[in-house]
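The values are calculated or read from the model by the stated rules, or taken from the named source; none is laboratory data. Just so it is clear, the model here is predicted, and its values are computed rather than measured. Surface areas here come from the heavy atoms of the whole protein model, side chains and all, with no ligands, DNA or RNA. Shrake-Rupley method; radii C 1.70, N 1.55, O 1.52, S 1.80 Å.
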Amino acid sequence: MEQRHLGRTGLRVSRIGLGTLTWGRDTGEHDAADQLKAFWEAGGTLVDTADVYAGGEAEYLLGQLVGGLVPRRDLVISTKAGSVPDPDRRCDGSRGHLLAALDASLARLGTDYVDVWQLHAYDPHTPLEESLQALDLAVSSGRARYAGVANFCGWQLAKAATWQFGGAGTRTRLAGTQMEYSLLQRGVEREVLPAARDLGIGLLPSSPLGRGVLTGKYRHGTPADSRGGSETMAPFVEPYLDETASRVVEAVATAADGLAATPLQVALAWVRDRPGVTAPIVGARDARQLTEALSVETLSLPDEICRALDDVSAPVHRYPDHDWSTL
């Protein structure tokens with residue numbers, strides 16, 4: 001698998017990442033092991049997780065597999081901290097919480113360091129410089145090799161990156177930002193992606209298949225074994241089952257027919273090759289689904305197909321996102 005630099009750093013990662021959102025909850029040890037082995041054998045290196053996935057079980061399961069199944073040195077492990085299961089405070093970016101969460105993640109993962117450590121969300125109740133100091137301490141102590149953020153909007157990302165550039169003392173530049181991005185969710189193109197490209201920060205798209213909808217599996221109903229048919233995940237999928245999304249899905253299916261490919265391959269290739277993208281993070285139910293996603297490595301979409309998909313999925317961006325003189 002082709003390797004790409006994460007932002008303006010020397011860290012190279014596979015251009016498709018393996019997500020573990022469902023590990024330890026819907027994905028058991030056997031299926032997780034099959035996925036990790038298939039990913040590694042295909043040349044994949046970037047494995048993404050978080051301390052809140054399945055209440056820490058995703059990290060624990062990954063830690064159980066690394067070393068015995070796949071050499072630790074062959075993986076780029078990325079995890080996140082700051083999101084908390086508290087309805088009154090959904091994120092905690094305090095230095096104390098973040099550093100304690102990192103230590104707990106390392107224990108569950110069974111490793112002395114993570115390759116990339118990310119703030120999972122922006123905490124409006126904690127000074128941003130305090131949260132960022134936790135990233136600096138993690139890197140300076142060797143517990144993390146690189147740092148990043150997730151779910152920061154454009155101004156938050158720009159503020160964080162600028163603070164790291166211009167702050168006094170030794171600062172750790174942001175290597176990556178993780179955001180949802182797909183043909184069904186192109187909001188990052190307004191401000192986040194332009195900021196990331198200008199600041200040398202690599203984008204790691206989550207849900208690159210529109211929460212599974214772009215695979216076409218929901219075109220004629222909701223399969224019982226799908227996320228949309230799951231009591232816990234149905235609310236996650238439902239926003240992308242409207243008429244607007246249906247038009248995009250049909251366009252993807254038409255493109256797939258013309259290319260002798262699958263809708264999954266077309267949708268994933270589109271986001272993988274967008275300017276500024278380093279590696280989409282793909283979550284799969286089993287190794288078979290993951291293998292289909294990994295088969296996109298040999299697919300490059302023709303320019304005319306990209307333009308057609310761009311047109312059918314184009315979000316409405318007006319002032320101030322576009323040059324005011326053209327409005």
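See the values below:
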read-out	value
GNM result for the chain, Cα springs below 10 Å: residue of Gln35, Gln118, Gln156 fluctuating most strongly	Gln156
For Cys91, distant residues with modelled amide H under 5 Å away	Val84
Residue-normalised accessible area of the stretch 1-81, expressed per residue, 1.4 Å probe, Å²	37 Å²
Mean accessible surface per residue for the stretch 182-296, computed with a 1.4 Å probe while every protein chain stays in place, in Å²	41 Å²
For the chain: relative contact order, % (alpha-carbon pairs under 8 angstrom, 6 or more apart)	18 percent
Among beta bridges that DSSP assigns inside the stretch 7-140, antiparallel share in %, nearest 5	10 percent
Listed values [x] 20.2; [y] 20.7; [z] 22.7, entry calculated as Kirkwood radius over Cα pairs in Å	[x]
Rounded to 5, percent antiparallel among DSSP beta bridges of the stretch 148-215	10 percent
Most fluctuating residue given options Tyr218, Tyr146, Tyr113, as computed from a GNM of the chain linking Cα atoms under 10 Å	Tyr218
Where the Cα pairs of the stretch 89-214 fall when distances are cut into 10 Å bins, in %	13, 42, 34, 11, 0
Relative contact order [Cα under 8 Å, 6+ residues apart], the stretch 156-227, whole percent	31 percent
Calculated [θ] (222 nm, deg cm²/dmol) that DSSP helices of n ≥ 4 give over the chain, each run adding -39,500 (n - 2.57)	-11000 deg cm²/dmol
Alpha-carbon centroid distance for the pair the stretch 1-33 / the stretch 264-327, whole angstrom	18 Å
Whole-angstrom gap from the stretch 171-227 to the stretch 40-117, using each part's C-alpha centre	20 Å
The chain - percent of accessible surface contributed by carbon and sulfur, probe 1.4 Å	50 percent
Beta bridges per DSSP with both ends in the chain, % antiparallel, nearest 5	15 percent
Relative contact order (percent, whole number), the stretch 204-327, Cα cutoff 8 Å, 6+ residue spacing	29 percent
Listed residues Leu301, Leu204, Leu36, most fluctuating in the chain (Gaussian network, C-alpha, under 10 Å)	Leu301
Mean accessible surface per residue for the stretch 99-154, computed with a 1.4 Å probe while every protein chain stays in place, in Å²	36 Å²
